[in-house]
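The values are calculated or read from the model by the stated rules, or taken from the named source; none is laboratory data. Only a predicted model underlies this, so the values are computations on that prediction, with no experimental measurement involved. Neighbour counts are summed over all protein chains in view; Cβ atoms, including those assigned to glycine, are modelled from backbone coordinates with ideal geometry.
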Amino acid sequence: MYQRAGGIVTPLITALFAFVVGGLVVVATTGKNPLSTYRAIFDGTGLNWLFPWVSGVARHDAALNLQQTLLVMAPLMLTGLAVAFAFRCGLFNIGGQGQYTVGTVVAVQTGIWFASMPKPAHILIAIVLATLAGAVWAGIAGVLRATVGAHEVITTIMLNWIALWVASYLVGFGGPLQDKRFGAVNPNTPDIVASAKLPVFWGDPQLQGLHIGFFIALAALVVFWIVLSRTTLGYEVRAVGFNAEAARYSGINVPRSYFLAMAISGAFAGLAGAIDLLGWEFHLDLTVVQSSQIGFFGIAVALLGRNSAVGVFFASLVFAALLNGTSARALDPSIFDPQLAGNLTRIIQGLVVLFVGADLLVVYLWQARRKLGLVGRDGLEPGKEPAAS
Amino acid sequence: MSVRAESVRSGWERATGPRAVGILGIALGALSFWLALPPVHARNTVLPVAVGILGAAAGIWAVSRRERRVGWGAIAAALVGIVGAILATRSSLTHLDIVVFWGALVTATLRWATPLTFAAIGGMFSERSGVVNIGLEGMMLVGAFFGALGADKTGSWEGGLLIAMAAGGALALIHAFFAIHLRADQIVGGTAINFLALGITGYLYVDVYGQQGTPTNLPAIPDVHFNWLQHVPPHQLGSFLDNSFGQMNLMVWLMFPLLIVSYIVMFKTPIGLRIRAVGEHPRAADTVGISVYAVRYSAVVVSGVLAALGGAYLSIGFVHSFSEGMTNGRGFIALAALIFGGWRPFGAFGAALLFGFSSALALRLPDAYGSSAGTLFQALPYVLTLIAVAGVIGRSIPPAAIGRPYKKQ
Amino acid sequence: MSDGPILELRSITKRFPGVVANDAIDFELLPGEVHALLGENGAGKSTLMNIVYGLYRPDGGEILIRGKPVTLGSAREAIMHGIGMVHQHFMLIPVMTVAENIVLASEPTHAGVLLDYAASVERVRELSERFGLAVDPEARVENIGVGQEQRVEILKALYRGAEILILDEPTAVLTPQEAAELFEIIRGLQAQGKSIIFISHKLKEVVEIADRITVLRRGRKVDTISREGATETGLARMMVGREVLLRVEKKPAAPGQPMLEVHDLSVLDDRGLGAVRDVSFAVRAGEIVGLAGVDGNGQTELIDALAGLRRPSGGEIRVRGQDVTRASARRVLDLGVGHIPEDRQRRGLVLEFSLAENLALHDYDEEPNSRFGWLFPRRLISRARKLLREFDVRGGGPQTRASALSGGNQQKVVIAREVAGDPDVLIAAQPTRGLDVGAIEYVHRRLVEVRDEGKAVLLVSLELDEIRALSDRILVIYEGRIVGEYDPKVAEEDLGIAMTGGGSAAAA
């Protein structure tokens, strides 16, 4: 029975369990009521905007918060898709962070150059180049996997660090991209020109309103689904992901699939970098380069979303809400220290990744119900059979 | 068809053979030094360093194709070439400074290789038993934090080490439970372990130490002094030895017995034979009465304990403080060292030395070339690891059952 | 030696989800006897013996050793009670030496800490001399032959003091000559007082070696009889429950043009060693050519090369006259070579794919399945519906996952895909492995039909009976060389000799 519902049940139980454990951490370390902490985090997400009874100032605040949540959700969807696409080909791309970083670097430079270009063209070229950069960066790992068989987990991690240090060098003190106008006092690039900025459609453009990158990300979800289920490329990728040996035996070029899957995966992550930079960051600075976690959260998003487009949508909403709700801006420090909350988010992320991979845990829990007396003697006892052999 | 075509092809194959590439690597190493000397006299190190890295890459490629002697020769030549080039570009150096420089480089290499070696040896136990341990990074990080916390709270570095070991072991136990009992994907599980470690240590760090950071008077793992080394004649050798080995942390010295003991355990005792049997063919081990689960659980926990020791060395033996995410991917580099070293202690140590050297070099270069370029050189160990992994994986033969959960019948 | 049975099973029952593998089975083994356990694939022989060896727990029944009830919860306990088992798939670690494999888990040591490798070697040598099982203790298992591996397995059991030895399908991997040697060893062990359970589905050898025979059918015990009075036909009836038809109905072949030609082909294996050496042969339209050989003599590498999955190191392959020596797998398929791979679950099917997707594995990128990279799932489904009906696949429709089907039906899906592409050449590698009698008959019939449609069929099989029943010509491969060509009426012994490199390459 659990198997039929397994598609939704496992992620739900996983998420619930992760939040419960997170709550226990709160109680154990601070003695604070986890429910009120989660409540404060929830209010910070702006999701209460969806409740019709919230009105007046509260509604206005909620709208601002929700804009921020969706602002985070957009790149998370994309980095989630990046991990999910590679997964569908049997590859574990932990390099979303590096591919995202490369995307931001290319986007910022493109946004500074071509100042005289018309807006749509400027945005398009910046997005395309950043996306390609992400594809190339992941493509390195793809090529290494396809040719010499180097495991993508180690290569993408190394590429993350290389991207981080190269980007740090570029934007940091004395780096070629550093803003030299005011005596080069800050480790950051200049802002991109106005023609490269993504239009804002909800909220105040001056106050990080929600930009059209959100729709780009939604479109990417559709593209992801179409490519996987309606193209021969997607068919190949899935065949290789499920059984590379059988795919090879039926004439599919497996190395090519590895390379393309990695490159497409990196393209999603590079695109995430582009919309973040063109949508609200507008420049890169050293601390952002070194502390960004968007790419890493994509792993949890993909796993919680079971590598499907719809799943990634909801999972990215969960993590965006969590990230924004625990941000220093949204969370009242008197209720819970945002720095602690940020790390709590990482713990929850870790727990999600840990539990999602362990389907058997659900089976065990299901069987344990019986021992705990949760099922009547005459009730259905799915655990009766020996664990599937 | 013709004989001619045949001989052309075999000539080409010879030219691209491992031996030829290795020799090319040696040449590149020499070239990198030569570039810095008159008449070329490059004033910028980027070119010689780049050429040197190419040489090292060629060497690694050759090593991975079983041309070990030539390959290692190329790696060594390249590294010497790079250092030589750096020295030459700073030609105002006195004779003595050069000796000091070399001594410092040797010390720094060992220092950076130590945490890698501890973690890599840990990884060896886990992976030889058939459990992939991507979570080494997280286990190191947990060791680094709990080492600092433990040293602070107990007021002794021994306490710090013990608590670090316990924490690393506990985290490894979680990994083991998911990998062994729940038969979850070991790579995904290890990634989760890394996130968890980052979150837990970050959370507790903020919770316990807040803005101040770890106290400055954190009890530290002591250094071992060998003052007599400087009196070794001749004078130059003495001061070189003193600079290299005269003052190193206890953990650096402990690394050597660890290497020997882990080698003996793995290859000369029944325990090691059983670990390897489980990693190669768990069902075969099971049918002669070895408990696959027990062996794997213990091996994974040992790997966590050793990785945590490596992490604790970083925090209370090396930099004397803790900062969030301070392991900076060293767990992954250790894993690469393990693979490059063919899942053997001394092989892993050799690779750890190589990566340690590149870390040491990356930190020395900014002195000479300003902090901006120095930032770029921070990427050096990762680039080298990437090259090593690309060169060697698929050639280095892992335990046959690695990554595969075992299910009792 | 006491008179009572050394091992007695009373009413052993074992259930798996959906099946009763062992249904109240009684069995007794007398000291010093060779007792054969006979039955078809899936009759419950291996399950029963895995219970005796402590690997499975029975759901009911009792086990007695020397008259005392025991519980065998693990292999360790079985070993302690003097039971040893040689599994059908050897439980040996290739990268370790013979001695290491044998002493594993009860190693001689120096002071209980360090391995005493010299003592291990010595003990193994001693044992091997005592029981007449020649092995080299210091050789690595990956470097020795199958026959030797089996001896190592037997030594492993003897080293642990086994009095009861279970041999699970021991001749499956052996040539007739090696099997004869094994029988000598078994008689020797019997002479030294060991009791042996011999699991097999081959009637002939059971009659030859066993003192008594217990027949299982579909999880139930049919009877135990002694060798005297046992006949092959009688046993066969007990085993299958009806008269067995070992012959395949087929008309004489009418060979036409050569469709697949191989000249001086050489192929390397994964380790870079020569696996196929200077092989030349041709398969003509309208004939089935059987390739006989002991496992691991280059068959896999040869098939891989023919299918474009492995670059040959020399020689030439032609399909309908076209050179495909360096062609990709996809191009070889497009030129009309169908391939039923030897392991359908690992290589033949994507188990997580639907049947429709599996059936499209070769031509998903061709019209009408797709156009310009755009896939049309509906068309895959409608075509699949037709093929599933035509090939009588049961247990699911086009959108069922392949993993949900039984082995026989999975194989039908593979055959449907390979035959539906209307190939000129069909390579069938072990097409009936692990299938039940009904499915085997179906596969055989289909292969003959394909031949009768004028296609060239290359059949690679380890089952000599299958090769002899289906083939129009038989090639024997040994150590990567074709060592002879035979008529299908050739005696099994002659084939066996050729398969072990004996005899001359003098062929018909």
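Structure notes:
- Qualifying positions in segment C:385-404 - within 14 Å of chain A (Cβ to nearest Cβ) and out of contact with any Phe, Trp or Tyr (no Cβ under 8 Å at 6 or more places or on another chain): C:Gln399, C:Ser403, C:Ala404
- With respect to (1) over 30 Å from B:Tyr263 (Cβ atoms); (2) within 7 Å of chain B (Cβ to nearest Cβ), the lone exception for C:Val113 is condition (1).
- Within segment C:1-118, strands (runs of 3 or more DSSP E) holding 1 or more residues that are among the aromatic types (Phe, Trp, Tyr) and within 30 Å of B:Phe267 (Cα to Cα): none
- Among the residues of segment C:52-80, the ones that are touching a residue at least 40 places away in the same chain (Cβ under 8 Å) and crowded, with 21+ Cβ neighbours inside 10 Å come to 6 in all.
- Residue in segment B:261-284 that is surrounded by fewer than 20 Cβ atoms within 10 Å (Cβ to Cβ), more than 10 Å from chain C (Cβ to nearest Cβ), closer than 27 Å to B:Leu314 by Cβ and in contact (Cβ under 8 Å) with a residue 24 or more places away in the chain present: yes
- For segment C:265-285, the set of residues classified as in contact with a helix residue (DSSP H, G or I) (Cβ under 6 Å, 6 or more places away or on another chain) and either of a type in the set (Val, Ile, Thr) or in contact (Cβ under 8 Å) with a residue 40 or more places away in the chain (or both) consists of C:Val267, C:Ala275, C:Val276, listed by residue number.
- Restricting segment B:210-234 to residues that are free of Cβ contacts under 8 Å to residues at least 60 places away in the same chain and within 14 Å of chain A (Cβ to nearest Cβ), the residue that is surrounded by the most Cβ atoms within 10 Å (Cβ to Cβ): B:Gly210
A quick yes/no check of all residues on (1) part of a loop (DSSP other than H, G, I, E, B); (2) β-branched (Val, Ile, Thr):
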site: C:Glu249; (1), (2): yes, no
site: C:Val262; (1), (2): no, yes
site: C:Arg277; (1), (2): no, no
site: C:Gly290; (1), (2): no, no
site: C:Asp304; (1), (2): no, no
site: C:Gly308; (1), (2): yes, no
site: C:Ile317; (1), (2): no, yes
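- Search result, residues across segment C:445-494 that are within 26 Å of C:Ile415 (Cβ to Cβ), modelled with pLDDT under 85 and in a helix (DSSP H, G or I): C:Leu464, C:Asp465
- Residues of segment C:157-169 include none that is in the same structural domain as C:Ser74 (by TED's automatic domain parsing) and without any contact (Cβ under 8 Å) to a residue 40 or more places away in the chain.
- Selected residue (criterion: nearest to B:Met140 (Cα to Cα)) from residues of segment B:150-178 that are in a helix (DSSP H, G or I) and in contact with a Pro (Cβ under 7 Å, 6 or more places away or on another chain): B:Gly160
- Unmet requirement for A:Phe114, which otherwise passes all of (1) at positive phi; (2) free of Cβ contacts under 8 Å to residues at least 40 places away in the same chain: (2)
- Single residue of C:Met80, C:Met96 found to be within 13 Å of chain B (Cβ to nearest Cβ) and within 28 Å of the chain's Cα centre (by Cα): C:Met96
- Subset tally (residues that are closer than 30 Å to B:Gln378 by Cα and facing another protein chain (nearest Cβ under 9 Å)) for segment B:285-324: 1
- Flag for A:Ile125 being crowded, with 24+ Cβ neighbours inside 10 Å and either of a type in the set (Gly, Ala, Ser) or without any contact (Cβ under 8 Å) to a residue 60 or more places away in the chain (or both): no
- Segment C:323-359 - residue that is more than 8 Å from every other protein chain (Cβ to nearest Cβ) and part of a loop (DSSP other than H, G, I, E, B) and, of those, nearest to C:Asp424 (Cα to Cα): C:Gly336
- Here C:Gly501 meets each of (1) in a helix (DSSP H, G or I); (2) in contact (Cβ under 8 Å) with a residue 12 or more places away in the chain with one exception, condition (1).
- Some residue of segment C:362-376 being in contact (Cβ under 8 Å) with a residue 60 or more places away in the chain and either out of contact with any strand residue (DSSP E or B) (no Cβ under 8 Å at 6 or more places or on another chain) or over 19 Å from A:Ala239 (Cβ atoms) (or both): no
- For segment C:98-155, the tally of residues that are touching a residue at least 40 places away in the same chain (Cβ under 8 Å) and acidic (Asp, Glu) stands at 4.
- Matching residues, segment A:227-282, being of a type in the set (S, T, N, Q) and without any contact (Cβ under 8 Å) to a residue 24 or more places away in the chain: A:Ser229, A:Thr231, A:Thr232, A:Asn243, A:Ser250, A:Asn253
Results for (1) touching a Gly at 6+ places or on another chain (Cβ under 9 Å); (2) closer than 25 Å to B:Ile75 by Cβ, shown as yes or no for each residue.
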{"position": "B:Ser315", "(1), (2)": "yes, no"}
{"position": "B:Leu335", "(1), (2)": "yes, yes"}
{"position": "B:Phe349", "(1), (2)": "yes, yes"}
{"position": "B:Ser359", "(1), (2)": "no, yes"}
{"position": "B:Gln378", "(1), (2)": "no, yes"}
{"position": "B:Pro381", "(1), (2)": "yes, yes"}
{"position": "B:Leu386", "(1), (2)": "no, yes"}
{"position": "B:Val389", "(1), (2)": "no, yes"}
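- For segment C:406-440, the candidate set comprises residues that are among the charged types (D, E, K, R) and touching a strand residue (DSSP E or B) at 6+ places or on another chain (Cβ under 9 Å); within that set, the residue that is farthest from C:Leu361 (Cα to Cα) is C:Arg433.
- Filtered by the rule that a residue be outside any helix (DSSP H, G or I) and surrounded by fewer than 21 Cβ atoms within 10 Å (Cβ to Cβ), segment C:406-429 gives C:Ser406, C:Gly421, C:Asp422, C:Asp424.
- Each residue in segment A:150-176 was checked for being at the interface with another protein chain (Cβ under 7 Å from one of its Cβ atoms) and in contact with a Lys or Arg (Cβ under 9 Å, 6 or more places away or on another chain), and 2 pass.
- Exclusive hit being touching a Pro at 6+ places or on another chain (Cβ under 9 Å) and at pLDDT 95 or above, set B:Leu259, B:Leu273, B:Leu306: B:Leu259
- If you filter segment B:371-386 down to residues that are facing chain A (nearest Cβ under 7 Å) and at pLDDT below 80, you find that the one that is surrounded by the most Cβ atoms within 10 Å (Cβ to Cβ) is B:Ser372.
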